[in-house]
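One structure is given here, and the rest of the page talks about it.
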């Protein structure tokens, strides 16, 4: 069901950081004695190489907002979240659509939907952002 108050990505997937916090609370209510680990959270988008770089502020904004809501769930709501992982770090073929142009990773892979390209890998801006988040154990989200 579409929610007019929630943004969507290029594939009409909801971008709802508060929804993640809500879901964490719901899971904790259902299973109050179990810790929660988020094992896949990410943002599919069309990425472009511009001047030899991939600038993906939309991915950084998505991840930053979701990590911030996870922190609120832990600190404010007492939810026992023991870990957070994003989708894979390298662009891969989308299992849902079979597309390479739907990119999730922090590392751009120069291949198209037909598997053509150099296969060269290029770190996106989000790579450096996420590296900083990991290095600071989530204390520095780049605000």
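Would you mind getting me the FRET efficiency between residue 143 and residue 50? Use the beta-carbon distance for r and R0 = 25 Å, nearest 0.05. Efficiency at R0 = 25 Å is approximately 0.50. Fully extending the segment from residue 15 to residue 120, taken as 0.36 nm per residue of separation minus the present Cα-Cα distance, adds 34.8 nm. Modelled label positions at residue 82 and residue 136, each set 7 Å beyond Cα in the direction of Cβ, lie 2.7 nm from each other. Against the chain, whose longest principal axis comes from its Cα atoms, helix 125-135 is set at around 40 degrees. When the helices of the chain are scored as -39500 (n - 2.57) per DSSP H run of n ≥ 4 and the total is divided over every residue, the value at 222 nm lands at -10000 deg cm²/dmol. Taking only the Cα atoms of the chain, the radius of gyration and Dmax are 16.3, 50 Å.
Out of all DSSP beta bridges with both ends in the chain, state the antiparallel percent to the nearest 5. So the antiparallel bridges amount to about 60 percent of the total. Report, in degrees rounded to the nearest 10, the 0 to 90 angle that the Cα long axis of helix 57-75 makes with the longest principal axis of the chain. Once rounded, the angle reads 20 degrees.
Rounded to the nearest 10 degrees, the angle from helix 17-30 to the longest Cα principal axis of the chain is 50 degrees.
Where a number appears in this text, it was derived from the coordinates with a stated rule and is not lab data. Nothing here was measured: the structure is a model prediction, and the numbers come from that model. Cβ: placed from backbone, ideal geometry, glycine included. Neighbour counts: every protein chain shown.
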